[in-house]
1. Filter region 111-137 for residues that are without any contact (Cβ under 8 Å) to a residue 60 or more places away in the chain and surrounded by 14 or more Cβ atoms within 10 Å (Cβ to Cβ) and give the result.
2. Which residue, of 221, 284, is assigned to a loop (DSSP other than H, G, I, E, B) and surrounded by fewer than 17 Cβ atoms within 10 Å (Cβ to Cβ)?
3. So residue 334 ticks every box in (1) within 19 Å of residue 280 (Cα to Cα); (2) in contact with a strand residue (DSSP E or B) (Cβ under 9 Å, 6 or more places away or on another chain) but one. Which box is left unticked?
4. Does residue 70 count as within 20 Å of residue 210 (Cβ to Cβ) and in a strand (DSSP E or B)?
5. Does region 271-279 contain at least one residue that is in a loop (DSSP other than H, G, I, E, B), over 21 Å from the mean Cα position of the chain (by Cα) and either in the same structural domain as residue 220 (by TED's automatic domain parsing) or within 30 Å of residue 196 (Cβ to Cβ) (or both)?
6. Can you say whether residue 142 is modelled with pLDDT under 85 and under 18 Å from the mean Cα position of the chain (by Cα), as far as the supplied structure shows?
7. Only one of these is farther than 15 Å from residue 35 by Cα and assigned to a strand (DSSP E or B): 128, 89. Name it.
8. Go through (1) in a strand (DSSP E or B); (2) touching a residue at least 40 places away in the same chain (Cβ under 8 Å); (3) more than 27 Å from residue 95 (Cα to Cα) one by one and return the number of the condition residue 161 breaks.
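The values are calculated or read from the model by the stated rules, or taken from the named source; none is laboratory data. Since the structure is predicted, the reported quantities are computational estimates derived from the model, not experimental observations. Using ideal geometry, Cβ is built from the backbone for each residue, glycine included, and neighbour counts are taken over all protein chains shown.
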């Protein structure tokens, strides 16, 4: 299981975040000052929203260890055209003491009038329920929110339609949920009376682990011809789990926004253990420092209660001579059953001197990393 060294350099936004081990323990965590608001800071508290609003649940966690689990379940209680007590969306995260907020927006037009509710769970136990209401607007037409389609452009200007995300370039797997190892594809139809238009796509971390809210993660800006097109967002590091927003602009004007999530995808119960690097295929010569010639082996064991799961190891040049930091080097992987395995990484010529890291993914979810140095 191997691939040769690839000299392609991917420029990315370097991101540092920590993976926290979770264990069941007694917690004195409590939720304080929980409220609904029109803003993430909670400075505009309300229980009555307009149809074009974004809903924010804002509060503070006190006496909370870093692995405290929060879950917000949004429901339509009594809403026009919606079955009573229908669940809209569930969002889960872990957090320590401090302020938190959960955002709910709608990309299918204004919110229907009616009564809504959000249930907040603390470590899987219902903590508080807040009810709120959406009242039909009686004044002007609502303006687009970050997840609504912008008004049609004036005649003669380029525009987008059928905007959506998927897991692949061919658009065979439409999805708004992604794994930490996935490439995020955004597909659209471009109507360009002049034959082409400049498309800018911005990926913003709305509420992702280890990232400040509303941080612009990365952006692309290219010229496209009219027709069916796509852009993609890639990251050589694992995507932090959480909520992201993709904003699209046409010739500098806002066109449309989409909300996506990076979620847990290893739901099989499979586990990777005993990960280490070695100079040999059998793992008899453990090492973290390697010569410039020869293979680098990553040893590991896999336990899975069910059928084969997909395991991959992505090698990144973290700090390597004459190579852009955090560039993709090569990867190995496959569908595996329980057992002991190794991944082999080798290069046609000498390895560039420096530090490398291999990220191990299980069904697309990051599980462990190993670091090596070539001297």
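1. Answer for region 111-137, where residues must be without any contact (Cβ under 8 Å) to a residue 60 or more places away in the chain and surrounded by 14 or more Cβ atoms within 10 Å (Cβ to Cβ): 114, 115, 117, 119, 121.
2. Just a single option satisfies the conditions, and that option is 284.
3. Tallying (1) within 19 Å of residue 280 (Cα to Cα); (2) in contact with a strand residue (DSSP E or B) (Cβ under 9 Å, 6 or more places away or on another chain), residue 334 fails exactly one: (1).
4. Spelling it out, residue 70 is indeed within 20 Å of residue 210 (Cβ to Cβ) and in a strand (DSSP E or B).
5. no
6. In short, no.
7. 89
8. Among (1) in a strand (DSSP E or B); (2) touching a residue at least 40 places away in the same chain (Cβ under 8 Å); (3) more than 27 Å from residue 95 (Cα to Cα), the lone unmet condition for residue 161 is (2).
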